[in-house]
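Asks: The structure's right below; bear with me while I get my questions together.
Nothing in this text is a laboratory measurement; each read-out follows from the coordinates by a stated rule. Remember, it's a predicted structure, so these values are computed and weren't measured experimentally. Glycine also receives a Cβ, built like all others from the backbone with ideal geometry; neighbour counts cover every protein chain displayed.
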Amino acid sequence: MGWDFSTEPEFQQKLDWVEQFCREEVEPLEYVFPYAVRSKDPKIRGLVRGLQDQVKAQGLWAIFLDEDLGGPGYGQLKLGLLNEILGRYSSAPQMFGAAAPDTGNMEMLAAYGTEEQKERWLTPMLNQELWSAYSMTEPQGGSDPNLFRTFATRDGDEWVINGEKWFTSAGRVADILFVMCTNGMFVVPRLTPGVEIQPEPRNHNHIIYNEVRIPLDHLLGPEDGAKVLAQRRLGGGRIHHAMRTIAQCKLAFDMMCERALSRESHGKTIAEHQMVQEKIADSYASIAMLRLFVLETAWKIDHTSTQETRTDIAAVKYSMAKVLREVSFNALHILGSLGTTNLTPLQAMYAAAPTMGIADGVDEVHKSTVARNVLKGYRPHEGYWPTEYFPAKRKAAQEKFEPLFTADPELRVLADGYAKYFAGRS
Ligand SMILES: Cc1cc2nc3c(=O)[nH]c(=O)nc-3n(C[C@H](O)[C@H](O)[C@H](O)COP(=O)(O)OP(=O)(O)OC[C@H]3O[C@@H](n4cnc5c(N)ncnc54)[C@H](O)[C@@H]3O)c2cc1C
């Protein structure tokens, strides 16, 4: 009987190392040199490389890639446990070579790229010598890929892409863009003529692809395969977000508990007021439920596949947004006026909560997916009454007992007595 919530001691040692490393090395670097991982300054890069070499020496570099894709093959459950720590520190995922949007793009390359494509793009991406972005959403139809229009036309030795994409995160600073066209997934170097990045929004870019010409070998995977590649990419990405969200929720929880014990109001510590205790208790339970759900889903992916786990991945996606909303609100509220400032992580965390319900697909779409998939396991009942309709169940049970009653009439009298008693109560 396998039913175990413990972590292998050897991996726990690694997690302990990660926790200490992030707290003592990654976080201080982040405060002194924000966004150091993307810096082009050789001195700052040297500091980053020094830390990344330690990660590599631990065998924890880019562990999101499964073994069959050339990664260390830790699997999603262990990645979940690791991300539970990394998600607390904004630069930690990049320090471990496991940050979105590059992870999803690398996963697509590893799964669908030719050897030549992997050498050209995947290897430098794994070494963080090349950065990428993912260009899928379009201004006229974000939640519905059937409304997408961006299209690649073949012209001799080239593909010519025309279309418009919205909210390509970090597109402005990416070296290559993974562009989802209605007839395939294409890799477009950002500096290709015709890639027109609009001035706004600044971080999640609006990009017009205007007669963008790329060689034929920039098609990734099969022609017309974009939706399959996108599903593969987003399936992993969603659960990785959820794992890191647990870390954010725990951070908010730690902050609310510490503060509740530190402040006094109306004759006692805040922690002694029952309505504060309710927030702490609710947050505690919500985080525990989310954590178990995320880790169980990761475990299911390891034992089946992303595709077979898609219902749970979708359910995890909207659940994590909900828990983050609840817990970050509770923490912000318990910190009072301080919580509303930008002097702690809480304000940004609470502001990010609605974003989590939109990025990688809006809650409503995931909820519809879950409901549709779950309903496939059910059938309508026959006749007027549901399966659990008591009178029908009693009648069936009476029929099952009929041979016993015939053999032993006293048993029938007893059963009639019960029936009368319960009929009298209803
Ligand atoms: C922080 C962030 C980063 C992102 N990064 C990227 C990126 O790197 N690359 C990329 O391509 N895209 C990216 N996106 C875009 C993201 O994929 C889209 O925002 C998302 O798919 C929703 O599309 P939309 O914003 O156009 O909303 P819409 O599709 O307009 O939906 C708006 C609202 O309409 C309602 N709605 C829509 N559809 C349904 C439905 N079927 N049932 C019920 N209600 C519905 C919901 O209330 C929904 O919130 C990012 C988004 C965010 C917030």
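Asks: For the chain, what does the helix formula give at 222 nm: sum of -39500 (n - 2.57) over DSSP H segments with n ≥ 4, over the residue count, nearest 500 deg cm²/dmol?
Replies: That calculation yields -17000 deg cm²/dmol at 222 nm.
Asks: In whole angstrom, note down how far apart the Cα centers of the stretch 260-279 and the stretch 378-426 are.
Replies: 54
Asks: Compare L109, L82, L126 in a GNM of the chain, Cα atoms joined below 10 Å, and give the one with the largest fluctuation.
Replies: Comparing L109, L82, L126 in the GNM, the peak value goes to L126.
Asks: Around W159, which amide H atoms from residues at least 5 apart in sequence, or from another chain, sit under 5 Å from its own amide H, with H modelled in the peptide plane?
Replies: I214, L216
Asks: From the phi angles alone, apply the Karplus equation (6.51, -1.76, 1.60; θ = phi - 60°) to the stretch 147-163 and give each ³J(HN,Hα) in whole Hz, x where the residue is Gly or Pro.
Replies: Coupling constants for the stretch 147-163: 8, 5, 10, 4, 9, 10, 10, 7, 9, x, 8, 9, 9, 10, 9, 10, x Hz.
Asks: Picking from M95, L65, Q12, whose Cα lies most toward the positive end of the charge dipole for the stretch 9-113 (charges on Cβ: Lys, Arg +1; Asp, Glu -1)?
Replies: Selected residue: M95.
Asks: While we're here: Taking the stretch 277-374, which chymotrypsin sites (Phe, Trp or Tyr not before Pro) meet the DSSP loop condition and have no more than 12 other C-beta atoms within 10 Å? Each step should come with its number before you reach the end.
Replies: Details: sites: Y284, F293, W299, Y318, F329, Y350; in loops: none.
Sites meeting the loop and neighbour criteria: none at all.
Asks: Using the Karplus curve 6.51 cos²θ - 1.76 cosθ + 1.60 with θ = phi - 60°, work out ³J(HN,Hα) for each residue of the stretch 339-346 in order, rounded to whole Hz, and write x for Gly and Pro.
Replies: With the stated coefficients, the stretch 339-346 comes to x, 7, 8, 9, 8, 9, x, 5 Hz.
Asks: Further question on the same structure: Rg and Dmax of the stretch 160-262, using alpha carbons, in Å: what are they?
Replies: In order Rg, Dmax, the Cα atoms of the stretch 160-262 give 18.8, 63 Å.
Asks: How would you rank C181, C257, C22, going from fewest to most other Cβ atoms within 10 Å of each one's own Cβ?
Replies: C257, C22, C181
Asks: If you don't mind, there's one more thing I want to ask. Just the number: Rg to Rh for the stretch 132-220, Cα atoms, Kirkwood Rh, two decimals. Don't skip to the end; give the middle numbers.
Replies: On the way: Rg = 11.8 Å, Rh = 12.6 Å.
Value, to two decimals: 0.93.
Asks: Does the stretch 1-142 come out rounded, prolate or oblate by the C-alpha gyration tensor, with a ≥ b ≥ c the root eigenvalues, rounded set by a/c under 1.5 and, if not, prolate when a/b is larger than b/c and oblate if not?
Replies: oblate
Asks: Here's another thing I want to ask about it. Provide E364, E410 in ascending order of the number of other Cβ atoms located within 10 Å of each residue's Cβ, fewest first.
Replies: Taking fewest neighbouring Cβ atoms as first place, the list is E410, E364.
Asks: Where does the chain land on the Kirkwood hydrodynamic radius, alpha-carbon pairs, in angstrom?
Replies: It works out to 24.8 Å.
Asks: Ok, one more. Among S286, S91, which comes first, then next, by fewest other beta-carbon atoms within 10 Å?
Replies: Listing S286, S91 from fewest to most nearby Cβ atoms yields S286, S91.
Asks: Which whole-Hz couplings ³J(HN,Hα) result when phi for each residue of the stretch 313-328 is put into the Karplus expression 6.51 cos²θ - 1.76 cosθ + 1.60, θ = phi - 60°, listed in order with x for Gly and Pro?
Replies: Ordered by residue, 3J(HN,Hα) equals 4, 5, 5, 4, 4, 7, 5, 5, 5, 5, 5, 4, 4, 5, 6, 5 Hz.
Asks: While we're here: Would you mind telling me which residue in L79, L130, L261 has the biggest mean-square fluctuation in a Gaussian network model of the chain, where springs connect alpha carbons within a distance under 10 angstrom?
Replies: L261
Asks: Going down the table (K14/K300; K250/K322; K250/K317), which pairs top 20 Å between alpha carbons?
Replies: K14/K300
Asks: Follow-up. Using a Gaussian network model on the chain with a 10 Å cutoff between Cα atoms, which of V294, V362, V327 fluctuates the most?
Replies: Maximum among the listed residues: V362.
Asks: A further question follows. If you take the square roots of the eigenvalues of the alpha-carbon gyration tensor of the stretch 306-426 and sort them as a ≥ b ≥ c, do you get rounded (a/c under 1.5), prolate (a/b over b/c) or oblate?
Replies: Verdict is prolate for the stretch 306-426.
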